[in-house]
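Structure first, then comments.
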């Protein structure tokens with residue numbers, strides 16, 4: 001029974017990671033198809049270049065949440081020593097969902113913001129330190 005629940009978490013993570021944040025924000029709030037302007041990428045960089053930095057930051061946060069939320073859900077469901085493998089597969093699924101979203105015929109973003117969300121959850125101090133050094 002636990003394996004079925006674990007598989008459900010992994011599928012949920014992929015489907016959640018597949019949510020095209022940049023497309024939703026650009027299309028429904030600005031009536032712009034982000035896939036047809038700029039570089040054609042659905043990620044935060046193209047959104048920021050096309051629609052402005054504030055909208056790009058909103059997209060970045062949305063894409064990062066695609067990596068954060070599945071990990072939070074798994075941590076709430078299963079205790080620490082047992083959940084590491086499930087967290088790995090859910091993180092990978094969310095990341096792959098962003099790269100190859102089922103909702104956009106498997107043509108997604110580059111995965112930088114989603115990976116950032118995953119790294120923030122798994123290695124918060126190291127990720128923040130890296131961001132400080134980078135910027």
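The values are calculated or read from the model by the stated rules, or taken from the named source; none is laboratory data. Everything quoted here is computed from the prediction, not taken from an experiment. Positions of Cβ are generated from backbone atoms using ideal geometry, with glycine treated the same way; all protein chains shown enter the neighbour counts.
Figures for the structure shown
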| quantity | calculated |
| --- | --- |
| Breaking point among (1) crowded, with 18+ Cβ neighbours inside 10 Å; (2) under 26 Å from residue 131 (Cα atoms); (3) at pLDDT 95 or above, for residue 101 | (2) |
| Cross-chain or 6+ apart pairs with Cβ under 8 Å, the stretch 74-88 first and more than 16 Å from residue 14 (Cβ to Cβ), then at pLDDT 90 or above and surrounded by 14 or more Cβ atoms within 10 Å (Cβ to Cβ) | 75/87; 77/9; 78/86; 83/74; 83/75 |
| Residue list for the stretch 33-78, filter: over 18 Å from residue 119 (Cα atoms) and in a loop (DSSP other than H, G, I, E, B) | 33, 37, 38, 39, 40, 41, 42, 52, 78 |
| Selection within the stretch 104-135 - under 15 Å from residue 65 (Cα atoms) and loosely packed, with under 12 Cβ neighbours inside 10 Å | 124 |
| Hits in the stretch 1-29 - residues which are at pLDDT below 95, more than 18 Å from residue 104 (Cβ to Cβ) and surrounded by 14 or more Cβ atoms within 10 Å (Cβ to Cβ) | 6 |
| Odd one out for residue 90, checked against (1) crowded, with 18+ Cβ neighbours inside 10 Å; (2) under 20 Å from residue 59 (Cβ atoms); (3) in contact with a helix residue (DSSP H, G or I) (Cβ under 6 Å, 6 or more places away or on another chain) | (2) |
